[in-house]
1. Quick one: buried accessible area between B and A, total over both chains, 1.4 angstrom probe, nearest 100 Å²?
2. Which lysines, if any, have their Cα less than 16 Å from the Cα of residue A:23, not counting same-chain residues under 8 positions apart?
3. Relative to the Cα centre, what is the charge dipole magnitude of the stretch A:203-264, using +1 at the beta carbon of each Lys and Arg, -1 at the beta carbon of each Asp and Glu, and rounding to the nearest 20 debye?
4. Where does helix B:43-59 land angle-wise versus the long Cα axis of chain B, in degrees 0 to 90, nearest 10?
5. About the Cα centre of the protein assembly as shown, what is the dipole size in debye to 20, counting +1 per Lys and Arg Cβ and -1 per Asp and Glu Cβ, all else neutral?
6. Chain A: longest stretch without exposed trypsin sites (Lys or Arg not before Pro) (DSSP loop, at most 12 other Cβ within 10 Å), sites themselves excluded?
7. If I model a spin label as a point 7 Å beyond the Cα along the Cα-Cβ vector, how far apart are those points for residue A:237 and residue B:48 in nm?
8. Quickly work out the residue B:128-to-residue B:143 label distance, labels modelled 7 Å from Cα along the C-beta direction, and quote it in nm with one decimal.
Amino acid sequence: MDKEQFEIQAMEYLSGAMTDERKLDFEKFIGEHPNFKIELQELQDTLEMVKTMDAPEPSAKMDTVFFSSLSEEIGRQKAKQIDIGFLRYLWPVQKSQWILGLVVLCLGLAIGYLLNDQKGPEPIEVVTQDDETESMRQKLVLTLLEQPSANQRLQGVSEANKFEEADEIVIRALLQTLNNDSNVNVRLAAIESLTNYVDRPEVRQGLVQSIPNQESPILQITLANLMVALQEKASVEPFKELLKEKKLDTTVKKKLQNSIESII
Amino acid sequence: MHDLTDKALMLKVKSGDLDKLGLLYERHKKRLFGFFYNLGNNPSISEDLVQNVFVRMMKYRGSYTGEGSFTAWMFRMARNINYDHHQKASKFRITSGIAPEEVQMEAEGLSDGLEKEEDTRILNRAMAKLSQNEREVLVLSKYRELKFREIGEILGCSEGAAKVRVHRALKELKRTFLELEIV
């Protein structure tokens, strides 16, 4: 057996890739050649050592970055598909029809300009997300809301605002953020985000229940304003409880009293 | 089950089901991170390089044919990314920060832990002294599920040549390790 043959067979032997017959032949050869036996043993030891090479766990940030860019890419892809679909739809139209269409469009624009009654155009939101994007976004929101950095949690709340209709899990995560987040700005952003769903009873209930948990004056006032706007009678009791707090800011106290009167 | 193989998932990604890349990421992120880390990159750079692998998978998904092993395709990409990173780093003289040999591993026990820690430190230093090709081939050989045929695919050589390369790299590592141990 030459050197290269030994190198190949030794690796096959150590990786367990040899058939029983070849293994016996190789072991016989090793038994007859002590030099190769020592080399094989050394190889085995080194290979074991290489296998013990460790690596730390990647951080949670890596997941956040990945899922965030994947979600963006999926969004871009969907938008592109809609564009392509639209162009394909227009493709069979004849040249003359294009010209006619263009003339009609110009005419329409001119009439529209003349008849313009100063009302701004209704904003049209193109909704490109489908279930997949929503599910990716849900994962992203939940991951971001758990991050130690307040900036990332704010980003999580802002991602939550992009839902056409947030599901129960996201709503629960936002309410949890409102009740437990250490940062006032994140809690404020959570209230803002939840105002998109005030027509849902669980959101209104969650907002009312969060009143006693708020110690920051700005949050107390924001919730008071919101409850007045919603005319939420269930909030009166928690506000009254809050008024009993000795440490309560005087401005907040006045605001709460006014709010209770407005709601009743 | 067939629908859940790496190959099937990547083919779905190719056909526009990008969501499936998330599954592939979850499956391979740790191994790829370990690959970059064991090649001497610090944890933060290793994470960036893992992201780059998936960005490249997304970008070149059209060229994925489903032939050969997915893992080999992925590691070939990872290898190129590592090479590009180091080319760029040497061009702009960017330091890669803390390499594994400088990372203080958590002590696992007392005397036993210390001895193991010392061996790990010497092993990391010995790995750092090897050539890039030797390091790569050794890190790849550590993954049990990678066959020599796949290592050959990754390195662009035959199965036999892959075995020879691993063998020689192991010998070189042993030699360097002993040298450092004596010092």
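The values are calculated or read from the model by the stated rules, or taken from the named source; none is laboratory data. Note that this is a predicted model, so its numbers are computed, not measured. Note that we place each Cβ from the backbone using ideal geometry, even for glycine, and neighbour counts take in every protein chain shown. Surface areas here come from the heavy atoms of the whole protein model, side chains and all, with no ligands, DNA or RNA. Shrake-Rupley method; radii C 1.70, N 1.55, O 1.52, S 1.80 Å.
1. Details: alone 11230 and 18600 Å², together 26190 Å².
Heavy-atom accessible area buried at this interface is about 3600 Å².
2. A:37
3. 120 debye
4. Compared with the principal axis, the helix lies near 20 degrees.
5. Details: 60 positive and 70 negative charges, 273 e Å.
For the protein assembly as shown, the charge dipole is close to 1320 debye.
6. Working: sites that count: A:119, A:244, A:246, A:247.
The segment A:120-243 is the longest one with no such site.
7. The answer from the label model is 5.6 nm.
8. 2.5 nm
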